[in-house]
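Below: one structure, written as structure tokens.
What follows is calculated from the coordinates using simple rules that are stated; it is not laboratory data. Quick caveat, the model's predicted, so the values are computed rather than measured. Note that we place each Cβ from the backbone using ideal geometry, even for glycine, and neighbour counts take in every protein chain shown.
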Amino acid sequence: MKKAAKKPIESAPEKFETKPFPKFQARPDRDRRVRQSDRIARVLRVLNLIRSRGRWNAKSISQELQVTERTVYRDLDVLTFAGVPWEYDEHERCYRVRPDFQFPVVNLNEEEAIGQAVATNVTTAIGLDASPGALGVTRKLAISTSEQAKETLALASQLIEVLDLRLADHSQHHAAIRTSQSALMAGKQLSGVYETPYEKAPIKLALHPYRLCLVKNAWYLVGHIEGENSPKTFRIARFKSLRQLDRIAKVPTNFDLKSYFGNAWSVYRGDERYEIRLKFLGTAAKRVVETIWHSTQKVKLNKDGTVEMDFVVDGLDEILNWILSWTGQVIVESPPKLRGSYVAKLKAAMKLQTEDSSS
């Protein structure tokens, strides 16, 4: 008697001869839908397993899902029919899905399409164009989504624009931003040359990066210098060079960016906390309330048309510079230290103007 050929230890799904099922009474639609849902859920679990980093073959999958190996082969056939490019890795003796495979995104609704278009326009605006990712996603969606969603994407991209954000000019610093992003994602250290107006010469430093953040109008990198423990804030535009090192960065697991900045007016947190009250006059009273300037902001509208604004701020230097931009339309009511600094700045400005006009 001729022996049957041995089946490989592991291979592509086995093709079984189909036979007609015996006649039976039709099940209710509800039972059929339940069975279909169960099978879809199981097929998706198979897909998740073979896309993971584990080594999954028919035997291990059947044990994990508590089904027969024949069922596993049928589920793999379903994935093939659905266009999933899986294969059997002979070396690792397991199934793998091609690494670059992604299911096409379809059926974007109008709100989602508009949201994607807005995100793209925002991240391509000057100053925010730190990564081209959103634009690439929009282009891919325009190929793979429905015709209605394509039209919505195109229309929203034309009608919703972002202009004149008045952010710091980072056009020469895209490489530094992307290097920072790469190091943060890889958990690696950075090395660079940093030039600041508060130092006489550029300084070389090695950094353990914690976070990259956009605050007010500029990009900042937060991290600690090699050999130190306390984190500092570095303005991206001040890096003259920046490169990623092949050394692991030490980042505290409990680091929280909001706690680090505290109640800083912008990014540089002072050592002392102050309760600040300002009174705005005239047209400034109407304009200043149109913006949320700080998370602690409280507003009181007075009957005489003036506006009182209260803030709780760590440090005075940054908010002092902001108050100066409202000169002639603001009164510093408290604290006295801030009022004194404000008056001193005004006197220095008047002296400078007087000296310049007399020369």
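Amide H to amide H, with H built 1.01 Å from N, Arg247 comes under 5 Å of Gln189, counting only residues 5 or more places away or on other chains.
Among the trypsin sites (Lys or Arg not before Pro) found in segment 151-260, those both in a DSSP coil and sparsely packed, with 15 or fewer other Cβ atoms within 10 Å of their Cβ, are Arg166, Lys200, Lys216, Lys250. Measuring nothing but how far apart in sequence close Cα pairs (under 8 Å, 6+ apart) lie, relative to its length, the chain scores a relative contact order of 9 percent.
Can you give the longest stretch of the chain with no exposed loop site, where a site means chymotrypsin sites (Phe, Trp or Tyr not before Pro) in a DSSP loop (not H, G, I, E or B) with at most 16 other C-beta atoms within 10 Å? Longest site-free region, per DSSP loop and neighbour criteria: 102-197. Relative contact order, whole percent, for segment 174-261 stands at 33, derived from Cα pairs under 8 Å and 6 or more residues apart. If the cut-off is 17 Å between C-alpha atoms, which aspartates and glutamates fall inside it for Lys204, apart from same-chain ones fewer than 8 positions away? Once the sequence-local aspartates and glutamates are set aside, what remains near Lys204 is Glu195, Glu226, Glu228.
Of the trypsin sites (Lys or Arg not before Pro) in segment 50-131, the ones in a loop by DSSP (not H, G, I, E or B) with at most 16 other beta carbons within 10 Å are Arg53, Arg55, Arg93.
Distance between the 7 Å Cα→Cβ label points at Tyr260 and Ala168: 1.5 nm. The C-alpha radius of gyration of segment 110-159, expressed as a fraction of 2.2 N^0.38 Å, stands at 1.07. Within segment 211-308, report the GluC sites (Glu not before Pro) that DSSP leaves as loop and that have at most 16 other Cβ atoms within 10 Å. Answer by residue number: Glu226, Glu228, Glu272, Glu290. In this calculation the C-beta distance from Val251 to Lys300 is compared with R0 = 30 Å, giving a FRET efficiency of 0.10.
The structure-derived value of P(r) over Cα pairs in 10 Å bins from 0, in percent appears in the list (i) 6, 25, 31, 23, 12, 3, 0; (ii) 5, 23, 32, 27, 11, 1, 0; (iii) 4, 14, 17, 20, 17, 11, 8, 5, 2, 1, 0, 0 under the label (iii). Dividing the summed helix terms, -39500 (n - 2.57) for each DSSP H run of n ≥ 4, by the number of residues in the chain produces a 222 nm estimate of -12000 deg cm²/dmol to the nearest 500.
Total lysine pairs in segment 273-351 at Cα distances under 30 Å, for residues eight or more apart or on different chains: 23. Remark: the chain carries a charge dipole of roughly 1480 debye about the Cα centre, counting +1 on each Lys and Arg Cβ and -1 on each Asp and Glu Cβ.
Averaging the sequence gap over all C-alpha pairs within less than 8 Å and six or more residues apart, then dividing by the number of residues, gives segment 273-351 a relative contact order of 39 percent. For the residues Asn109, Asn302, Asn121, a GNM of the chain with alpha-carbon springs under 10 Å puts the largest fluctuation on Asn302. Applying D = kT/(6 pi eta Rh) to segment 174-261, where Rh is the Kirkwood radius over alpha-carbon pairs, T corresponds to 25 °C and eta to 0.890 mPa s, the Stokes-Einstein value obtained is 188 µm²/s.
Couplings 3J(HN,Hα) for segment 155-167, derived from phi with the Karplus relation 6.51 cos²θ - 1.76 cosθ + 1.60 (θ = phi - 60°), are 5, 5, 5, 7, 9, 10, 10, 10, 10, 6, 6, 6, 8 Hz, where x marks Gly and Pro.
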